[in-house]
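Report on one structure; see the data block that follows.
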Amino acid sequence: MSMNSFGHLFRVTTWGESHGPALGATVDGCPPGVTIDEAMIQHWLDKRKPGQNKFTTQRREPDQVKILSGVFEGQTTGTPVQLMIENTDQRSKDYGDIIDKFRPGHADITYWQKYGIRDYRGGGRSSARETASRVAAGGLAREAIKQIAPNVQITGFMTQIGPHKIDRGNFDWSQIEQNPFWTPDAQAARDWAAYLDDLRKSGNSVGAVVEVVARGVPAGIGAPVYAKLDTDLAAAMMSINAVKGVEIGEGMAAAELTGEANADEIFMGQNGPQYSSNHSGGILGGISTGQDLVVRFAVKPTSSILTTRKTITKSGEETEIITKGRHDPCVGIRAVPVGEAMMACVILDHLLLHRGQIGENRGRIG
């Protein structure tokens, strides 16, 4: 299977399956001299790992990362960094009933139609378990960013679960790590807990919206036309399992605005240009403005549910299916650290591209 890599200079290739012995990432293009150890990467994997509370899958995986290459005496060498995460809590027998059946809403049918073979154990390569590899690579990217642009801060959070949205008036950055939903609205977290608990007990699932904000990104990264920063961010977020929509800044809501309302007015501040608003999401013409980068993505409901659904078999017979196993009632919760990781990888990639072509910004203002 091809197309398992992303990035231009900071290039990440993920490998492995949900129920295989291990999965991981091969990272090529990381600058030498980046201080890194397994604990630094583990911090981010611990945010994503399953079984942390009743609102996520009860599969128990420690997600312990091992660095197999590319690091010597605590620093990257500039050669490929191999990251491995062993699978330890597979229950492949849970998937015995779907050997010949296709789960509605899942990639089972398309993988079979394309390749004529599929790993039915947890979805194999199409499983959200693959995202652990991305989070490991993102942990490495964060440490490299600290060397090049130390003011960058990347934070993800949930803004909506099902029809229930946060109240932006309650937004509190300090609340994000204080609840199982990674949401900045403490009241929303309480409301969502009751809502999702009922849904979980009924064997159903629900979608969500995740927002990722990168603060402190310098102006000037990104490139025109085919390597736009927003193009690569959109592609990175859309590549995450179960994501069905991505928007930058005002996103789809921009269609409701007039040009007068949408244009972010520019003023001269003491430290350079300042903007009246950030409808653009920190990107103009594919290049960062120096404002916050703001990306949102919509995650569909988990396809594996305990409700009986109609489907067909590989031989074309109509049948019904109930998906057993341990699944997230809202996969959007664990998508938050994945979105952060993809943001980190794209930002580092564009910082390296910028440094290679331009060095320091050439255009001076004031």
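The values are calculated or read from the model by the stated rules, or taken from the named source; none is laboratory data. Here the structure is a predicted model, which is why all the values come from computation and not from measurement. Because the Cβ atoms are built from the backbone with ideal geometry, glycine has one as well, and the counts that use them run over all protein chains shown. Surface areas here come from the heavy atoms of the whole protein model, side chains and all, with no ligands, DNA or RNA. Shrake-Rupley method; radii C 1.70, N 1.55, O 1.52, S 1.80 Å.
Contact map, the range 202-217: residues that are more than 21 Å from Asn241 (Cα to Cα) paired with residues that are polar (S, T, N, Q) and in a strand (DSSP E or B), Cβ distance under 6 Å, separation 6+ or inter-chain. Pairs shown: Arg215/Gln153; Gly216/Gln153; Val217/Ser288. If a residue must be open to solvent by 60 Å² or more (accessible area, probe 1.4 Å), part of a loop (DSSP other than H, G, I, E, B) and not aliphatic (A, V, I, L, M), how many such residues does the range 1-50 contain? Number satisfying all stated conditions: 6.
Residue by residue, here is whether (1) free of Cβ contacts under 8 Å to residues at least 12 places away in the same chain; (2) part of a loop (DSSP other than H, G, I, E, B); (3) more than 23 Å from His8 (Cβ to Cβ) holds:
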position	(1), (2), (3)
Asn278	no, yes, yes
Gly281	no, yes, no
Leu306	no, yes, yes
Asp328	no, yes, yes
Ala335	no, no, yes
Glu340	no, no, no
Cys345	no, no, no
Leu348	no, no, no
Arg364	yes, yes, yes
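Applying the set (1) open to solvent by less than 30 Å² (accessible area, probe 1.4 Å); (2) within 20 Å of Arg11 (Cα to Cα); (3) not acidic (Asp, Glu) to Leu353 leaves exactly one unmet item: (1).
Among the residues of the range 104-124, which ones are in contact (Cβ under 8 Å) with a residue 60 or more places away in the chain, crowded, with 20+ Cβ neighbours inside 10 Å and part of a helix (DSSP H, G or I)? Once the filter is applied, which keeps residues that are in contact (Cβ under 8 Å) with a residue 60 or more places away in the chain, crowded, with 20+ Cβ neighbours inside 10 Å and part of a helix (DSSP H, G or I), the range 104-124 yields only Gly124.
In summary, Ile312 fulfils each of the numbered conditions (1) assigned to a loop (DSSP other than H, G, I, E, B); (2) more than 21 Å from the chain's Cα centre (by Cα); (3) not charged (D, E, K, R) with the single exception of condition (1). Listed by first and then second residue, the pairs linking a residue in the range 218-242 that is under 20 Å from Lys300 (Cβ atoms) to a residue that is in a loop (DSSP other than H, G, I, E, B) and basic (Lys, Arg), with Cβ atoms under 9 Å apart and 6 or more places separating them unless they lie on different chains, are Ala234/Lys228; Ala242/Lys300. Within the range 88-99, one or more residues are under 29 Å from Glu143 (Cα atoms), assigned to a loop (DSSP other than H, G, I, E, B) and modelled with pLDDT under 90.
If you go through the range 235-280 and keep only what is under 30 Å from Asp328 (Cα atoms) and among the small types (Gly, Ala, Ser), you end up with Ala235, Ala236, Ser239, Ala242, Gly245, Gly249, Gly251, Ala253. Residues that are open to solvent by 60 Å² or more (accessible area, probe 1.4 Å) and among the polar types (S, T, N, Q) within the range 259-280 comprise Gln270, Asn271, Gln274, Ser276, listed in sequence order.
Return the residues of the range 213-253 that are open to solvent by less than 30 Å² (accessible area, probe 1.4 Å), in a helix (DSSP H, G or I) and farther than 21 Å from Leu352 by Cβ; say none if nothing qualifies. Once the filter is applied, which keeps residues that are open to solvent by less than 30 Å² (accessible area, probe 1.4 Å), in a helix (DSSP H, G or I) and farther than 21 Å from Leu352 by Cβ, the range 213-253 yields only Gly251.
Filtering the range 184-201 to residues that are over 20 Å from the mean Cα position of the chain (by Cα) and either open to solvent by 40 Å² or more (accessible area, probe 1.4 Å) or within 27 Å of Leu233 (Cα to Cα) (or both) leaves Asp185, Gln187, Arg190, Asp191, Ala194, Tyr195, Asp198, Arg200, Lys201. Annotation: of all residues in the range 302-341 being more than 17 Å from Asp100 (Cα to Cα) and acidic (Asp, Glu), the one that is surrounded by the most Cβ atoms within 10 Å (Cβ to Cβ) is Glu340. Exactly one residue out of Phe157, Phe181 is assigned to a loop (DSSP other than H, G, I, E, B), surrounded by 13 or more Cβ atoms within 10 Å (Cβ to Cβ) and among the aromatic types (Phe, Trp, Tyr), and it is Phe181. When the residues of the range 64-79 are filtered to those that are open to solvent by 60 Å² or more (accessible area, probe 1.4 Å) and not in a strand (DSSP E or B), the one that is nearest to Asp28 (Cα to Cα) is Thr79.
Among the residues of the range 23-51, those identified as in contact with an Asp or Glu (Cβ under 7 Å, 6 or more places away or on another chain) and of a type in the set (A, V, I, L, M, F, W, C) are Leu23, Val34, Ile36, Met40, Leu45.
Inspect the range 128-142 for any residue being surrounded by fewer than 20 Cβ atoms within 10 Å (Cβ to Cβ) and either more than 12 Å from the chain's Cα centre (by Cα) or under 18 Å from Asn87 (Cβ atoms) (or both) and give the result as yes or no.
If we filter the range 128-142 for residues that are surrounded by fewer than 20 Cβ atoms within 10 Å (Cβ to Cβ), which is where we start, we get none.
No: zero hits.
Taking the condition within 30 Å of Arg309 (Cβ to Cβ) and either under 22 Å from the mean Cα position of the chain (by Cα) or touching a residue at least 40 places away in the same chain (Cβ under 8 Å) (or both), does Ile161 pass? So Ile161 passes the test.
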